[in-house]
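We did not get these values from a lab; they are worked out from the coordinates using the rules stated. All figures in this text were calculated on a predicted structure; none of them were measured in a lab.
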Amino acid sequence: MFDPVSGPTQLIFAFEAVVIGGMGSLWGTLLGGVALGVAQTLGAQIHPQFSVMAGHLLFLVVLIARYGGGRIVLRVAR
């Protein structure tokens, strides 16, 4: 549903779809949007308020996996 104040929320979803699919890739953005929609739908099946959070979690997982935002280095003592 759209209303005059839903612009920033829709912009965040669009940004997440572009980043998930890859910057500069039209087909990647399409697949990113589909992946974001599937994540939100599955999240809504668990709990209606979890749908938006599921999309954001997918976005964070992609950021960590693709861009190494959360690399953890384990050092073993010898």
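Data overview
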{"read-out": "Computed [θ] at 222 nm, deg cm²/dmol, the chain (DSSP H ≥ 4; -39,500 (n - 2.57); rounded to nearest 500)", "value": "-23000 deg cm²/dmol"}
{"read-out": "Relative contact order (percent, whole number), the chain, Cα cutoff 8 Å, 6+ residue spacing", "value": "19 percent"}
{"read-out": "Shape box of the chain [Cα atoms, principal axes, largest first, Å]", "value": "60, 33, 21"}
